[in-house]
Every structure is written in structure tokens, then in C-alpha cells.
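The values are calculated or read from the model by the stated rules, or taken from the named source; none is laboratory data. These numbers were taken from a predicted model, which means no experiment stands behind them. Cβ coordinates were reconstructed from backbone atoms using ideal geometry, including for glycine residues, and neighbour counts include every protein chain displayed.
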Amino acid sequence: SSLDELAALMKEKPEWRLLIEGHTDNVGKHESNITLSKNRSNAVKNYLVKKGVATSRFVVNWYGPDKPIDTNDTEEGRQRNRRVEMTLIQ
């Protein structure tokens, strides 16, 4: 999987750190979406840690529905807003 490839690359490049950001659509309660986005972010981090990447190499943030990349008025837009974004910090 892509996460397996990322874990392998991170083990080869110990200077790399990873910013992981979780997001949701706006369906449901705001508090529930914050929790869901936190769980999404941490699931990615925990997977990479299990693959041997040190937990100290991650910055994990979550935003719930507060940073959409598309409209929440269509199913397609809501689907795009339910995501985890990862950014390498070199």
C-alpha cells in the first residue's frame, strides 16, 4: 500500500518528519466530526509507527469539518472533504 511505501521511505530518510491532518465533511455534530478527524489522523500515525517509524517524527492535527477542500452540498464534495492529508517536513 502507499502507507507501506511511505513507511519504508521514512525509515530510509531519518531526517524526514510528517505532518498528518485529519478532516471530515459537515454531516453530523461538530464535536463528533472533530473526534472522527482525530481518529483518522491517529490511525495513519499508528499504522506508520507499527511499521517502525518513531512516533516522535509525526505532527498530528485534526480539524473536523473546518477546512473543507470542496463543497459540502454534494455527495462528491463531502467525499472529498473526508480525508487525511500528509505533508513531509524536511
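In the list 21, 85, which residue meets the criterion of being part of a strand (DSSP E or B), under 19 Å from residue 1 (Cβ atoms), modelled with pLDDT of 95 or more and of a type outside the set (A, V, I, L, M)?
85
I need the full set of residues from the range 65-81 which are surrounded by 17 or more Cβ atoms within 10 Å (Cβ to Cβ) and in contact with a strand residue (DSSP E or B) (Cβ under 7 Å, 6 or more places away or on another chain), in order please.
Listed by number, the list holds a single entry, 81.
Answer with yes or no whether residue 52 is part of a loop (DSSP other than H, G, I, E, B) and surrounded by fewer than 17 Cβ atoms within 10 Å (Cβ to Cβ).
When the stated conditions are applied, residue 52 passes them.
Among the residues of the range 30-53, which ones are within 19 Å of residue 9 (Cβ to Cβ) and not small (Gly, Ala, Ser)?
Correct list: 44, 45, 46, 47, 48, 49, 50, 51, 53.
Given the structure, is residue 78 touching a His at 6+ places or on another chain (Cβ under 9 Å) and either part of a helix (DSSP H, G or I) or within 15 Å of residue 17 (Cα to Cα) (or both)?
no
Is it the case that the range 55-71 has a residue that's among the small types (Gly, Ala, Ser), at pLDDT 95 or above and out of contact with any Ser or Thr (no Cβ under 9 Å at 6 or more places or on another chain)?
yes
Within the range 7-40, how many residues are of a type in the set (S, T, N, Q), over 14 Å from residue 81 (Cα atoms) and crowded, with 17+ Cβ neighbours inside 10 Å?
Going through the range 7-40 one residue at a time, the tally reaches 0.
What's the number of the condition residue 4 fails, among (1) among the charged types (D, E, K, R); (2) more than 10 Å from residue 84 (Cα to Cα); (3) surrounded by 14 or more Cβ atoms within 10 Å (Cβ to Cβ)?
With respect to (1) among the charged types (D, E, K, R); (2) more than 10 Å from residue 84 (Cα to Cα); (3) surrounded by 14 or more Cβ atoms within 10 Å (Cβ to Cβ), residue 4 is out only on (3).
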